[in-house]
């Protein structure tokens, strides 16, 4: 696996937004094969204790979401922020390529997920486990594919929208389809 899809659920949309859930899945962009995954629920209090921010408009938005989405992060015993970030770092560090190159970190979009994660890692005095040049944008890939006739809406939504792990799996599906479309391949190889 040379790629990892990351998705966050947060209580703020700025770069210091408080994280309530981290989803990440290793995958192969060329085949769609999946590897290890994590779905870490994060203590909101731990986030604010480390200086991350809750935004009232985001909290109000969450109050309008389906109970299944809220249940994906609203658990009785969430992890402390440093522990959850450590789990993500272990997944990313374990995915380094055999040639020592960094794993490609995909998000929808890095300006949200990766920016918040960079702030969170800084807040707990941990190094970000990837290089900025290894960040990839699902939206950009899909937009390029659309310019050549790709229909992103043809990917049926699976799982619970706004569940970090389910969002990762959905994003991987249409990311791989867009990539293969750009390469001239019509479907993921089996």
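The values are calculated or read from the model by the stated rules, or taken from the named source; none is laboratory data. Because the structure is predicted, anything quoted here is derived from the model rather than measured. All Cβ positions, even for glycine, are placed from backbone atoms using ideal geometry, and neighbour counts span all protein chains on display.
Suppose we filter segment 170-190 for residues that are part of a loop (DSSP other than H, G, I, E, B) and modelled with pLDDT under 90; how many remain?
Total meeting the criteria: 7.
Identify, by number, the condition in (1) farther than 23 Å from residue 18 by Cβ; (2) modelled with pLDDT of 95 or more that residue 96 doesn't meet.
(2)
So residue 12 passes all but one of these: (1) surrounded by fewer than 19 Cβ atoms within 10 Å (Cβ to Cβ); (2) part of a loop (DSSP other than H, G, I, E, B); (3) in contact with a strand residue (DSSP E or B) (Cβ under 6 Å, 6 or more places away or on another chain). Which condition number does it fail?
All conditions pass for residue 12, except number (1).
Sort out which residues of segment 21-32 are touching a helix residue (DSSP H, G or I) at 6+ places or on another chain (Cβ under 6 Å) and in a strand (DSSP E or B), and write them in order of number. Write out each step before concluding.
First pass over segment 21-32, keeping only residues touching a helix residue (DSSP H, G or I) at 6+ places or on another chain (Cβ under 6 Å): 21-25, 27, 29, 32.
Result: 21, 22, 23, 24, 25, 27.
Each row is one residue, and each column tells you yes or no for (1) without any contact (Cβ under 8 Å) to a residue 40 or more places away in the chain; (2) out of contact with any strand residue (DSSP E or B) (no Cβ under 8 Å at 6 or more places or on another chain); (3) part of a helix (DSSP H, G or I); (4) surrounded by fewer than 21 Cβ atoms within 10 Å (Cβ to Cβ).
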residue	(1), (2), (3), (4)
130	yes, no, no, no
133	yes, yes, yes, yes
140	yes, yes, yes, yes
148	yes, yes, no, yes
156	yes, yes, no, yes
165	no, no, yes, no
168	no, no, yes, no
